[in-house]
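Q: The structure's right below; bear with me while I get my questions together.
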Amino acid sequence: MIYFVTGASGFIGKRLVRTLLVRSEATIFFLTRDTASRSLDELYRFWGTNCTRAVPVEGDLTRAGLGLKSEDLDQLTHGVDHIFHLAAVYDLEADPDIVMRTNVQGTREVVTLANRIGAKRFHHISSIAAAGLYEGVFREDMFDEAEHLEHPYFASKHDAERIVREECRIPWRVYRPGIVVGDSRTGEMDKIDGPYYFFKMIQKIRSLLPEWLPTPGLEGGYINLVPVDFVVAALDRIAHLDGQDGACFHLTDSKPHRVGDVLSIFARAAHAPPMGVRINAALFKMVPTELMKGLLALPAIRRIRRAFMKDLGLPTDILSILNYPTNFDNRQAARILEPAGITIPPIEDYAWRLWDYWERHLDPDLFVDRSLRGCVAGRTVLVTGGSSGIGKATAFRLAEAGAKTIIVAREADQLEETRQQGLERGLTFMTYVTDLTDPQQCDALIEKVKLTHGPVDILINNAGRSIRRGIEDSFERLHDFERMMAINYFGSLRLTLGLLPDMVKRGSGHIINISSIGVLANTPRFSAYVASKAAFEAWTRCAAAEFLDRGIAFTTINMPLVRTPMIAPTKVYDTVPALTPDEAAVFIVRAILRRPVRIATELGIISEILHALTPHVAQSITNAVYRTFPDTPAQNRNEAGAVSAEQTAMGHLLRDIHF
């Protein structure tokens, strides 16, 4: 048996070739752009054979006559039993011209070759996309009934199938697989499409929220998923049966799931929060088509749409097909496949394999240099409050990663001590003694840094102070609030405004602000501190919106309780869990690597949600905490001088939160 295969290196193609090679005496010619490519060695290893049974034929799908050499044509003429045409562009976001040239003109060239060499049978692997967005049940004997083919990919698959039906002069068969996912036995997949587009969104939700917390999800039409091992087995079975020429076969699931169900299945597989509340994608259809086109023609709307989809990790066109309207009747294919034991396993049984393989091999983050050195080596990073605590721990990490590290602090002796410690470890810090609450000193620092080091790539606003005192004890202490604002708001703001213009000129920069979990939890007894941090957070949100299209990123870190000199005076903190400065520095490293808008702990996010949805409940909880921990040290300890059991329990329950 002699085969000619296009797309033999593709996800389905290389598995089909491996299956065909099991047949004794099978010889497979396969189209490839370069017969000397090293990638062929990888294919041969996958197939477990060599070029004697799997023979490369150099050519190009988009060239006239496939660009085949005359000797290759002579070798193929009157000798090929089966042609399998799998090569195509499957990417929804690919350039429309490339899609049409490859999928349509490429199919015409393969059909022309089949007619010319007198092959015995032509197998065209089409797609359910050939039906367009047909509303209702699409049968295997339907073709011209396809509708809503506006998307280039849908149009290309429909036009390619038409070419086979109208121009192929040898017996032909058409196969329309559903959305092909990974192998149901191994989870193996080679690219991200179909439900995989939503995996990044699920992963983000999992990283932010606990597994038990229900979250909103999407509802839509039925999504027809088929594992690649089923598709290959079905192709091999149907292709070698007599009496099936001139027919089309739907390689689809007869019991597909709705979009919302599929997302929930993969959320469970990922141990992510369940998507209990679903938004029906049909709502998008409520906007008239012409109005939607008009809105999307506006640059601002397009920019918002791109940003929204980028945050979700989704392609921009995905929303148009979420409410997929087509069901596929597959009775003809099932009649042949089911007696042979070729059936589709339930997605619930193998979803975990798909997720596991994606997270280990296909997650886009795996292909980005996420090392700290890759992000900061040779770049200028300025850290305020860098002589102790979080700032000092961060500065050492940055210097070790090759950053030009500038540290700023008020205390000259501590700053010099940090610099010396760096030298002992072979690290160089550029140090500046500056009180950021003094406008003259701050302005002088900005000028020195710009003159000596040039533009700052990353600014970490870490310097700050805190005060733990109830409002009842602050009626005559307005200066406490002014002191907090002087450093936590005005000091950080003045420095940022001084360094921001150079970032704007270069079109790049990252500003990281160390805020507090108290801003999310509205912590009593820290009103002066929380208000000052909240003020800078509010400014940051405004700035992020203004500079989004200028290449400047802003990240706010709602830092939990950290064991630093700042909290040392509060002795009750000695008995409760707290992060070390090194652990807190990990938050800043994560901000540099991923440049998110916000980093917060699960407890901080839950606190914010609680205050937004049930403010009276949230206030009752924080009031109870407030009364559990009185202001004075004497009231915080029992007669034996120890912290009470109630206070210890509350401290552990509210781990990471100031109280």
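The values are calculated or read from the model by the stated rules, or taken from the named source; none is laboratory data. A quick note: this is a predicted structure, and the numbers were derived from the prediction, not measured. Note that we place each Cβ from the backbone using ideal geometry, even for glycine, and neighbour counts take in every protein chain shown.
Q: Does at least one position in segment 424-436 carry a residue that is buried (at least 19 other Cβ atoms within 10 Å of the Cβ) and in contact (Cβ under 8 Å) with a residue 60 or more places away in the chain?
A: No, segment 424-436 contains no residue that is buried (at least 19 other Cβ atoms within 10 Å of the Cβ) and in contact (Cβ under 8 Å) with a residue 60 or more places away in the chain.
Q: Name every residue in segment 534-553 that is outside any helix (DSSP H, G or I) and surrounded by 18 or more Cβ atoms within 10 Å (Cβ to Cβ), in order of residue number.
A: If we filter segment 534-553 for residues that are outside any helix (DSSP H, G or I), which is where we start, we get 551-553.
Correct list: Ile552, Ala553.
Q: In segment 109-158, what residues are assigned to a helix (DSSP H, G or I) and among the polar types (S, T, N, Q)?
A: Result: Thr112, Asn115, Ser156.
Q: Quick check on my filter: what residues within segment 507-537 are among the β-branched types (Val, Ile, Thr) and over 23 Å from His616 (Cβ atoms)? Break it down into steps so the answer makes sense when it comes.
A: From segment 507-537, those among the β-branched types (Val, Ile, Thr) are 511-512, 514, 517, 519, 523, 530; that's our starting set.
Matches in segment 507-537: Ile511, Ile512, Ile514.
Q: Name the residue, out of Val449, Val456, that is touching a strand residue (DSSP E or B) at 6+ places or on another chain (Cβ under 6 Å) and under 26 Å from Glu537 (Cβ atoms).
A: Val456
Q: Would a scan of segment 437-444 turn up a residue that is within 21 Å of Leu495 (Cα to Cα), crowded, with 19+ Cβ neighbours inside 10 Å, touching a Lys or Arg at 6+ places or on another chain (Cβ under 7 Å) and of a type outside the set (A, V, I, L, M)?
A: Looking through segment 437-444, at least one residue is within 21 Å of Leu495 (Cα to Cα), crowded, with 19+ Cβ neighbours inside 10 Å, touching a Lys or Arg at 6+ places or on another chain (Cβ under 7 Å) and of a type outside the set (A, V, I, L, M).
Q: Out of everything in segment 115-154 that is touching a helix residue (DSSP H, G or I) at 6+ places or on another chain (Cβ under 6 Å), of a type outside the set (Phe, Trp, Tyr) and over 20 Å from Cys168 (Cα atoms), what residue ends up being surrounded by the most Cβ atoms within 10 Å (Cβ to Cβ)?
A: Taking the candidates together, the pick is Ala129.
Q: Right, here's the next one. Which of the residues spanning segment 353-387 are in contact with a helix residue (DSSP H, G or I) (Cβ under 8 Å, 6 or more places away or on another chain), over 27 Å from Tyr196 (Cα atoms) and not hydroxyl-bearing (Ser, Thr, Tyr)?
A: Leu372, Cys375, Val376, Val381, Leu382, Val383, Gly385, Gly386
Yes/no per residue for (1) in contact (Cβ under 8 Å) with a residue 40 or more places away in the chain; (2) more than 25 Å from Arg15 (Cα to Cα):
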| residue | (1), (2) |
| --- | --- |
| Met100 | yes, yes |
| Ile125 | yes, no |
| Glu135 | yes, yes |
| Ala146 | no, yes |
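Q: Also, quick follow-up: For residues in segment 44-87 being over 41 Å from the mean Cα position of the chain (by Cα) and of a type in the set (Val, Ile, Thr), which is surrounded by the most Cβ atoms within 10 Å (Cβ to Cβ)?
A: Val80
Q: Being within 27 Å of the chain's Cα centre (by Cα), modelled with pLDDT under 95 and not in a helix (DSSP H, G or I) is the filter here, so list the residues in segment 510-530 that pass it. So that I can check it myself, show each step before the final result.
A: Filtering segment 510-530 down to residues within 27 Å of the chain's Cα centre (by Cα) leaves 510-517, 520.
Adding the requirement that they be modelled with pLDDT under 95 leaves 514-517, 520.
Selection gives Ile514, Ser515, Ser516.
Q: A further question on this structure: Could you grab me the full set of residues in segment 531-590 that are over 28 Å from the mean Cα position of the chain (by Cα), at pLDDT 85 or above and closer than 23 Å to Ser492 by Cβ?
A: Scanning segment 531-590 gives Ala531, Ser532, Lys533, Ala534, Ala535, Phe536, Pro581.
Q: Return yes or no: is Val259 at pLDDT 95 or above, of a type outside the set (Phe, Trp, Tyr) and crowded, with 21+ Cβ neighbours inside 10 Å? Reasoning before the result, please.
A: Numbers: at pLDDT 95 or above: no; of a type outside the set (Phe, Trp, Tyr): yes; crowded, with 21+ Cβ neighbours inside 10 Å: yes.
No.
Q: May I pose another question? Sort through Leu213, Leu209 and tell me the only one that's in contact with a Ser or Thr (Cβ under 7 Å, 6 or more places away or on another chain) and of a type in the set (A, V, I, L, M).
A: Numbers: Leu213 fails: in contact with a Ser or Thr (Cβ under 7 Å, 6 or more places away or on another chain).
Being in contact with a Ser or Thr (Cβ under 7 Å, 6 or more places away or on another chain) and of a type in the set (A, V, I, L, M) holds for just one of Leu213, Leu209, which is Leu209.
Q: A follow-up question, please. Restricting to segment 345-378, and then to whatever is under 30 Å from Phe230 (Cβ atoms) and aliphatic (A, V, I, L, M), can you tell me which residue is surrounded by the most Cβ atoms within 10 Å (Cβ to Cβ)? Before you say what the answer is, go through the steps one by one.
A: The initial filter retains those residues of segment 345-378 that are under 30 Å from Phe230 (Cβ atoms), namely 345-367.
Now drop any that are not aliphatic (A, V, I, L, M), which leaves 347, 351, 354, 362, 366.
Numbers: Ile347: 24, Ala351: 24, Leu354: 27, Leu362: 18, Leu366: 11.
This residue is Leu354.
Q: In addition: Given the residues Met503, Met484, which is the only one that is crowded, with 20+ Cβ neighbours inside 10 Å and out of contact with any strand residue (DSSP E or B) (no Cβ under 6 Å at 6 or more places or on another chain)?
A: On the way: Met503 fails: out of contact with any strand residue (DSSP E or B) (no Cβ under 6 Å at 6 or more places or on another chain).
Of the residues listed, the single one that is crowded, with 20+ Cβ neighbours inside 10 Å and out of contact with any strand residue (DSSP E or B) (no Cβ under 6 Å at 6 or more places or on another chain) is Met484.
Q: Another question about this same structure. Is there a residue being part of a helix (DSSP H, G or I) and free of Cβ contacts under 8 Å to residues at least 12 places away in the same chain anywhere in segment 19-28? Spell out how you get there, then give the answer.
A: Restricting attention to segment 19-28, the residues satisfying the condition of being part of a helix (DSSP H, G or I) are 19-21.
Retained after the next criterion (residues that are free of Cβ contacts under 8 Å to residues at least 12 places away in the same chain): none.
No, there is no match, as no residue in segment 19-28 is part of a helix (DSSP H, G or I) and free of Cβ contacts under 8 Å to residues at least 12 places away in the same chain.
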